[in-house]
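**Q** One structure follows; several queries about it will come next.
The values are calculated or read from the model by the stated rules, or taken from the named source; none is laboratory data. It should be emphasised that the depicted structure is a prediction, and the values quoted were computed from it without experimental measurement. Methodologically, a virtual Cβ is constructed for each residue, glycine included, from the backbone with ideal geometry; neighbour enumeration extends over all protein chains shown.
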There are 2 protein chains.
Amino acid sequence: MKNKAITSRDVDFAKWYTDVVKAARLANYSNVKGCIVIEPNGYAIWENMQKILDDMFKKTGHKNLYMPMLIPENLMKKESDLIEGFAPEVAWVTQGGQKELEERMCIRPTSETLFSDYYSSIISSYRDLPIKYNQWCNVLRWEKETRPFLRSREFLWQEGHTVHETQTEAEEETNRMLNVYKDFYENYLAIPVITGRKTEKEKFAGAEYTLTVEALMYNGVSLQSATSHYFGQRFSKAYDIKFLNRNNEYEYGYQTSWGTTTRMIGALIMVHSDDNGLVLPPKIAPTQVAIIPIGNDEKVINKVNEIKKQLDEEGITYYVDNSEKSPGFKFAEAEVNGIPVRIEIGIRDINDNKITIARRDTREKLVESLDIDIKSYVRNLLNEIQDNLYNSALKRRDELTYECHNLEEVEQIMNTKPGFVKAMWCGDEACELKMKEIKGTKSRCILDNHEHIDEKCVVCGRDAKEVVVWGIQY
Amino acid sequence: MKNKAITSRDVDFAKWYTDVVKAARLANYSNVKGCIVIEPNGYAIWENMQKILDDMFKKTGHKNLYMPMLIPENLMKKESDLIEGFAPEVAWVTQGGQKELEERMCIRPTSETLFSDYYSSIISSYRDLPIKYNQWCNVLRWEKETRPFLRSREFLWQEGHTVHETQTEAEEETNRMLNVYKDFYENYLAIPVITGRKTEKEKFAGAEYTLTVEALMYNGVSLQSATSHYFGQRFSKAYDIKFLNRNNEYEYGYQTSWGTTTRMIGALIMVHSDDNGLVLPPKIAPTQVAIIPIGNDEKVINKVNEIKKQLDEEGITYYVDNSEKSPGFKFAEAEVNGIPVRIEIGIRDINDNKITIARRDTREKLVESLDIDIKSYVRNLLNEIQDNLYNSALKRRDELTYECHNLEEVEQIMNTKPGFVKAMWCGDEACELKMKEIKGTKSRCILDNHEHIDEKCVVCGRDAKEVVVWGIQY
């Protein structure tokens, strides 16, 4: 039985995606063009993501603060690459309190400018370093084509911004945060990722280099999932972030920034979900278990209370659906909303000394004896679901990862069953542009220490030293 | 000994306030006019406030979501009082992605419009009600005069927006949330408040009525601290929020909204803090205890580790200052940052079997035996500090609360030792305007069920039935 409100994923992936967003009530279109309402079901996932990532950031020594949302044009212009990169996609405030502003201000598309301006005012000595701050906020980029969570004019994110005494420390930070994201994706979102360095063409405007976390969606399309930038002294020179170093000389600080967004909710949908709606890994699901009593016999109520107590003891989150809807309706609702485990219990089950436990990932219904130790049973099942989702995603990712030796192979793959294509690259931007002609294929990242596939560039045939992962992107 | 970076509170209160903000590193001026950087010390307080309030909101059945930050002008205009009330203080986005927009959009000063627009699309039956959603976000109001936390163009807040089947339910909600705020102010922020209804002149633009939480600062100035609005059907009619009621007839929903802001950080400063910097009630302090080892003798290190273990067991938050600064510097830093309890321990103390515990509120240094049960001692001390701060604030508030019977009395008080003035009011706006001539004195709220002070209005001498609290406001 299939959810009728949801188009099949293999028939029309784009339609399936928006159907799942709608059916699971994750987001709603708003009357503000290009912006969505993140509904409670979607926002609860974001809150969970924030909580886990925030703990990880705090454990790696970061503190949160809050910067203004508006950036005066002059401040924005100080770093030339940044303004060039972002100018086409910012929104400008030109009127405030019924007056024209003397200087227009943009709504932050990212906050390197404000952080740098602030850092220049608070840093004077190496004793002030490192500074490792982060903010959770909204940003705005004037996108033309938008899709819920994946590309929205306004989105929510976090942006870490750090300043260090030395290049080494700053580069260590850039790597450390990349690995925090990788850890989060793999161990919480159950999404396997590849990591590497962006090409010059694809790096962040103003960065020396950009490290990236890349994931593959069910349909073989790539998603840039988090980035970590090393800035060197580019911003510190533009914004005058100087400190007295250990030799008593003025030196410009070494900076990094790193971020990830509500786009992660889109990744969860496109990697794990199915034709029956949302599927959530237990570690990120706002609610892990749906308890659905059938009928309201006292024995059923007592059993439900007993189960609740057990789950509480184990720290497992749940809800009990006591509403007036039919059991079938409640089952479907728990399913479409991606609740990892569903427990069904009625008087007939109790008389038969049985309990039915349904897992969302495989949709199996497990009929067990009422005598099982429910808390350890559910804990094990949640772990199994978490592992299964990761392993299924990994298997699919590996099936859709190819090594290509010439453009014809790339073309054939991208036209039939797209995915990650590993191929050699000479380092020339012209070859990236050539590759783009194949269904918009872009370089995802340059792999570190990867065994060479060939000696020649897959595009131009010249000598090549870099193994690049290519893909069609969201 | 007094902190030299801080002006005395009794000499220049306004200067003292900004000195404390700066010395405790709560906020920094930014190069964005009228906007501040909320620094980590300030933001950590906000995170604590959010956590506690968010729990309270969830326990009263509310869920979080997220709305767009931009509001198209046409959508904003649908409720005429709202646009009139907010038009003078909104910022307009007129350009996006290098193009002039066809319709300008304002940055949300508050989100009744967007919530109402969304609610009209998701509500169709009484079965959908009540809807009780909240959002944590930034808002922008183009203020001319700004002060850190108290009045800033951009500030952070939460705004709850609910829809109910009946007037009764909606009014209950309005009251419930007022009491949540009162509870939070009194039991967490240790700030006594008065509650009541705003006059027609002072109510929220678009509300049927506004309930308010009002607090008195150290200098006798009033601070509107949180508000809860009953909208009746004003917005539901403007935005077409109709539902099929239990009689199978279409009816407009009954709405409320309620909010509080980062201004609360300003209230904490102006109620509790002193000439030595910030003073924080233990229940809201991000860190409750500063442990300052003197020297690095092994015995000292062992003792510190033992204390840490004890505090961990009790769930008390702390930091250990192992930096290279001098003990005196560390003491002063803990003090200016408002850490409620400071533990000082050196080898001499250990040899004398002593430990020094300093409380921030009274600045007493308590010398105790090393044999005390440190965890229950500190727990009790934190409770005592929390109570003492509340009681001191209450005593001061009561000392600065007056009953006035004529304008001369009001004038004398507001000119010498201002505070809350209770006086009778006839209900006429002209009398409020007359009162405003006395140093800008405004009605704070109309008290419910308060014993009448006189029979006549304090301003015009006509019959009066309402007891109003008046004050000079921030």
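**Q** Any chance you could count how many residues in segment B:274-301 are without any contact (Cβ under 8 Å) to a residue 12 or more places away in the chain and hydrophobic (A, V, I, L, M, F, W, C)?
**A** 1
**Q** So, in segment A:249-271, exactly how many residues are of a type in the set (D, E, K, R) and closer than 15 Å to A:Val139 by Cβ?
**A** Residues that pass the stated criteria total 1.
**Q** Then there is this: Hey, among A:Gly315, A:Gly328, which residue is surrounded by fewer than 16 Cβ atoms within 10 Å (Cβ to Cβ) and within 29 Å of the chain's Cα centre (by Cα)?
**A** Just one listed residue meets the conditions, A:Gly315.
**Q** Next question, about the same structure. Got a sec? Which of B:Lys33, B:Lys78, B:Lys58 is within 27 Å of B:Tyr188 (Cα to Cα) and among the charged types (D, E, K, R)?
**A** B:Lys58
**Q** Among the candidates A:Glu143, A:Glu173, which residue alone is assigned to a loop (DSSP other than H, G, I, E, B) and within 20 Å of A:Ser225 (Cα to Cα)?
**A** Testing whether each residue is assigned to a loop (DSSP other than H, G, I, E, B) and within 20 Å of A:Ser225 (Cα to Cα) leaves just A:Glu143.
**Q** Return the pairs, sorted by first residue and then second, in which the second residue is part of a strand (DSSP E or B), the first residue lies in segment A:305-333 and is among the acidic types (Asp, Glu), the beta carbons are less than 8 Å apart, and the residues are 6+ apart or on different chains.
**A** If the second residue must be part of a strand (DSSP E or B), the pairs left are A:Asp321/A:Ala290; A:Asp321/A:Ile291; A:Asp321/A:Ile292; A:Asp321/A:Pro293.
**Q** With B:Glu251, B:Glu306, B:Glu298 as the choices, which residue is within 30 Å of B:Val163 (Cα to Cα) and among the acidic types (Asp, Glu)?
**A** The conditions single out B:Glu251.
**Q** Quick test of your reading of the structure: A:Ile36 fulfils all but one of (1) within 25 Å of A:Ala5 (Cβ to Cβ); (2) more than 9 Å from every other protein chain (Cβ to nearest Cβ); (3) among the aliphatic types (A, V, I, L, M). Name the failing condition by number.
**A** (2)
**Q** Could you list, in sequence order, all residues of segment B:76-131 that are touching a residue at least 12 places away in the same chain (Cβ under 8 Å), surrounded by 15 or more Cβ atoms within 10 Å (Cβ to Cβ) and in a strand (DSSP E or B)?
**A** B:Ala91, B:Trp92, B:Val93, B:Arg104, B:Met105, B:Cys106, B:Ile107, B:Ile131
**Q** Which residue, of B:Leu216, B:Leu244, B:Leu211, B:Leu223, is surrounded by fewer than 19 Cβ atoms within 10 Å (Cβ to Cβ), touching a strand residue (DSSP E or B) at 6+ places or on another chain (Cβ under 7 Å) and of a type in the set (A, V, I, L, M)?
**A** B:Leu244
**Q** If you scan segment B:66-101, which residues turn out to be under 25 Å from A:Ile83 (Cβ atoms) and more than 7 Å from every other protein chain (Cβ to nearest Cβ)?
**A** Across segment B:66-101, the qualifying residues are B:Lys99, B:Glu100, B:Leu101.
**Q** Let me ask something additional. Strands (runs of 3 or more DSSP E) wholly in segment B:229-270 with at least 1 residues that are closer than 18 Å to B:Met56 by Cβ and either among the aliphatic types (A, V, I, L, M) or in the same structural domain as B:Thr199 (by TED's automatic domain parsing) (or both) - which ones?
**A** B:254-261
**Q** Going by what's in this entry, would A:Gln310 be described as in a helix (DSSP H, G or I) and not charged (D, E, K, R)?
**A** Spelling it out, A:Gln310 is indeed in a helix (DSSP H, G or I) and not charged (D, E, K, R).
**Q** Next question. So which residues in segment B:23-50 are touching a residue at least 60 places away in the same chain (Cβ under 8 Å) and among the polar types (S, T, N, Q), if there are any at all?
**A** Matches in segment B:23-50: B:Asn41, B:Asn48, B:Gln50.
**Q** Determine if segment A:70-78 includes at least one residue that is of a type in the set (Asp, Glu) and more than 30 Å from A:Ser273 (Cβ to Cβ).
**A** Yes, that holds for at least one residue.
**Q** Now, a different point. With the requirement that a residue be under 25 Å from B:Tyr119 (Cα atoms), among the small types (Gly, Ala, Ser) and in a loop (DSSP other than H, G, I, E, B), what does segment A:1-23 give you?
**A** If the condition is that a residue be under 25 Å from B:Tyr119 (Cα atoms), among the small types (Gly, Ala, Ser) and in a loop (DSSP other than H, G, I, E, B), then A:Ala5 is the only one that fits.
**Q** Out of everything in segment B:23-33 that is in contact with a Phe, Trp or Tyr (Cβ under 8 Å, 6 or more places away or on another chain) and small (Gly, Ala, Ser), what residue ends up being farthest from the other protein chains (Cβ to nearest Cβ)?
**A** For segment B:23-33, the residue satisfying everything is B:Ala27.
**Q** Being touching a residue at least 12 places away in the same chain (Cβ under 8 Å) and closer than 24 Å to B:Arg25 by Cβ is the filter here, so list the residues in segment A:51-65 that pass it.
**A** Once the filter is applied, which keeps residues that are touching a residue at least 12 places away in the same chain (Cβ under 8 Å) and closer than 24 Å to B:Arg25 by Cβ, segment A:51-65 yields A:Asp54, A:Phe57, A:Thr60, A:Gly61, A:His62, A:Lys63, A:Asn64, A:Leu65.
**Q** Taking only segment A:24-42 into account, find how many residues are more than 17 Å from B:Tyr239 (Cβ to Cβ) and assigned to a loop (DSSP other than H, G, I, E, B).
**A** Going through segment A:24-42 one residue at a time, the tally reaches 7.
**Q** Could I ask something else about it? So which residues in segment B:156-170 are buried (at least 20 other Cβ atoms within 10 Å of the Cβ) and in a helix (DSSP H, G or I)?
**A** Answer for segment B:156-170, where residues must be buried (at least 20 other Cβ atoms within 10 Å of the Cβ) and in a helix (DSSP H, G or I): just B:Ala170.
For every residue, the table says whether it meets (1) among the β-branched types (Val, Ile, Thr); (2) more than 23 Å from A:Glu154 (Cβ to Cβ).
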residue	(1), (2)
A:Ala5	no, yes
A:Arg9	no, yes
A:Arg25	no, no
A:Gly42	no, no
A:Ile45	yes, no
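**Q** Considering only segment B:373-474, give the helices (runs of 4 or more DSSP H) lying wholly within it that have at least 2 residues that are under 29 Å from B:Ala358 (Cβ atoms) and out of contact with any strand residue (DSSP E or B) (no Cβ under 9 Å at 6 or more places or on another chain).
**A** The helices (runs of 4 or more DSSP H) meeting that bar are B:374-399.
This table checks each residue for (1) at pLDDT below 95; (2) in contact with a Phe, Trp or Tyr (Cβ under 7 Å, 6 or more places away or on another chain); (3) among the aromatic types (Phe, Trp, Tyr).
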| residue | (1), (2), (3) |
| --- | --- |
| B:Tyr119 | no, no, yes |
| B:Gln135 | no, yes, no |
| B:Leu140 | no, no, no |
| B:Val180 | no, no, no |
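**Q** From the list B:Ile301, B:Ile357, B:Ile343, pick out the single residue that is in contact with a Ser or Thr (Cβ under 9 Å, 6 or more places away or on another chain) and surrounded by 14 or more Cβ atoms within 10 Å (Cβ to Cβ).
**A** Residue meeting the stated conditions: B:Ile343.
**Q** When you check B:Gln288 against the structure, is it within 30 Å of B:Tyr230 (Cβ to Cβ) and crowded, with 18+ Cβ neighbours inside 10 Å, yes or no?
**A** Against the criterion (within 30 Å of B:Tyr230 (Cβ to Cβ) and crowded, with 18+ Cβ neighbours inside 10 Å), B:Gln288 does not qualify.
**Q** Considering each of B:Lys132, B:Lys63 in turn, give the residue that is within 26 Å of A:Gln50 (Cα to Cα), among the basic types (Lys, Arg) and more than 7 Å from chain A (Cβ to nearest Cβ).
**A** That would be B:Lys132, the only listed residue that is within 26 Å of A:Gln50 (Cα to Cα), among the basic types (Lys, Arg) and more than 7 Å from chain A (Cβ to nearest Cβ).
**Q** Follow-up question, since we're still on this one. Regarding A:Thr7, is this residue at the interface with chain B (Cβ under 9 Å from one of its Cβ atoms), of a type in the set (Val, Ile, Thr) and out of contact with any Pro (no Cβ under 9 Å at 6 or more places or on another chain)?
**A** Here the answer is no, as A:Thr7 does not meet what is asked.
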